Amino acid sequence: MNCPSEVEGVSNDGILYVEKGNIITSTYVERMPEATLAAFSHVARVGSLEIIPSDYMVGGDRLNIIVLDNDLNKDPTVVETVLVRVATLKVNEPQKLVELTEDEMNSGRFVGFLTTVPSDPANPTVAVRTDLFMAVEPGDEIDVFYLDEAIPNGDAQDIFRRVTVAFTGTIKACVASVNATLSTSGCQYTSFSDNGLVTYMALPGDTITVNITDRDISSSTQDLNVTAYASPTQTGDYQVLEVMQVATGEFSGQLRTSTNPIYARPNDGVLLIEADTDIVVTYIDRVPRLNQVSTVT
Ligand SMILES: [Ca+2]
Ligand SMILES: [Ca+2]
Ligand SMILES: [Ca+2]
């Protein structure tokens, strides 16, 4: 086993110093049956880059970045650093260099993070180069690049990971207007605001149209979790809604209601309601983790 010429490790101290490209051979001598078992592993030479969250993030999240690369651990007695580059396709948003720090003197594992702030597309926030954060909007793609300066053939290689900023889902439930020009909301009856939550009126027995938007959901409506229940409810009835895609990121479903107790069974296709109960329709958005609620009374 070669030791790096500049660092002669203390023998048998539990730490094995290796140079890149070395093969570490571990042997184990078995007494019965008499045999020597050997295992081989290469010292990593191509770095790895990991980001958390890994697929979708939300404005305001911290983007955690981890690089594993033994080549960067040049001195096992010193905590070292490496820079990674974070770029976005958002207009005028400068790329950021993020310093990662070795988490132990001799780990070869470099960790750091970039703070993000949510930006409203209608009134965008843009970070300047010296800001320690990046402003992100739903749909933005954030790319993290780690330039590995030494891979086996001697070349440098950019390793990158991409995370997408998620859209916050919305839900609206009301009785659809029979005459679309009757109201711009597309709803038959009036609405009022209850603690900031818009509630539409309905009559017992009405069929309620539920519209959901979430552009993270591409086509598979299986991913949409929409449930309605009456509140307060004596019966415990609830109804899971089937929704269809009507446009990109837009989904629609129908909720049938009745005051007839034969529909008391949960999830039988009809929600049992009484006069003066609220119907609460909930869409559980996976990213960001939010329950979006719409009520009908
Ligand atoms: Ca080190
Ligand atoms: Ca979403
Ligand atoms: Ca029912």
* Can you run phi through the Karplus equation (6.51, -1.76, 1.60; θ = phi - 60°) for the stretch 275-286 and list ³J(HN,Hα) in whole Hz, with x for Gly and Pro? -> 4, 6, 9, 8, 9, 9, 10, 10, 10, 8, 7, 6
* Asked: Hey, what do the phi angles of the stretch 47-52 turn into as Karplus ³J(HN,Hα) couplings, whole Hz, using 6.51/-1.76/1.60 and θ = phi - 60°, x for Gly and Pro?
  -> x, 10, 10, 10, 10, 9
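Between rounded, prolate and oblate, where does the stretch 48-165 land on the alpha carbon gyration tensor, with a ≥ b ≥ c its root eigenvalues, rounded for a/c under 1.5, else prolate if a/b exceeds b/c?
Numbers: a/c = 2.38, a/b = 2.00, b/c = 1.19.
It is prolate, given that a/c is not under 1.5 and a/b is the larger ratio.
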* Asked: Using modelled amide H (1.01 Å from N, peptide plane; none on Pro or chain starts), what sits under 5 Å from the amide H of CYS187, excluding residues fewer than 5 places away?
  -> SER177
* Enumerate the amide H contacts of VAL117 below 5 Å, restricted to partners 5 or more residues apart or on another chain; note that Pro and chain-start residues carry no placed amide H. => GLY60, MET134, ALA135, VAL136
* To do: Please work out how much length the chain gains when fully extended from ASP103 to ASP120, using 0.36 nm per residue of separation minus the C-alpha to C-alpha distance, in nm with one decimal.
  => 2.6 nm
* Taking 7 Å along the Cα-to-C-beta vector as the label spot, tell me the ALA176-PHE113 distance in nanometres, rounded to one decimal. => 4.5 nm
* Structure fact -> With x for Gly and Pro, the residue-by-residue ³J(HN,Hα) of the stretch 132-142, computed from phi through the Karplus equation 6.51 cos²θ - 1.76 cosθ + 1.60 at θ = phi - 60° and given in whole Hz, is 8, 9, 10, 8, 10, 10, x, x, 4, 10, 10
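Let a ≥ b ≥ c be the square roots of the eigenvalues of the Cα gyration tensor of the stretch 231-297; is it rounded (a/c under 1.5), or, if not, prolate (a/b larger than b/c) or oblate?
Numbers: a/c = 2.29, a/b = 1.71, b/c = 1.34.
Taking the square roots of the gyration eigenvalues as a ≥ b ≥ c, the stretch 231-297 is prolate.
Multiplying the sequence separation of LEU290 and ARG215 by 0.36 nm and subtracting their Cα-Cα distance, what value in nm do you get? Present the calculation step by step, with values, prior to reporting the outcome.
Details: separation 75, 0.36 × 75 = 27.00 nm, distance 1.48 nm.
Length difference between fully extended and current span is 25.5 nm.
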* Structure fact -> Cα convex hull volume per residue for the stretch 170-296, in Å³, equals 111 Å³
* Nonlocal amide H pairs with LEU241, under 5 Å, H built at 1.01 Å -> VAL226, THR227, ALA228
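The numbers here are math on the coordinates, done by the rules we state, and not lab data. Quick caveat, the model's predicted, so the values are computed rather than measured. Note that each Cβ is placed from the backbone with ideal geometry, even for glycine, and that neighbours are counted across all protein chains shown.
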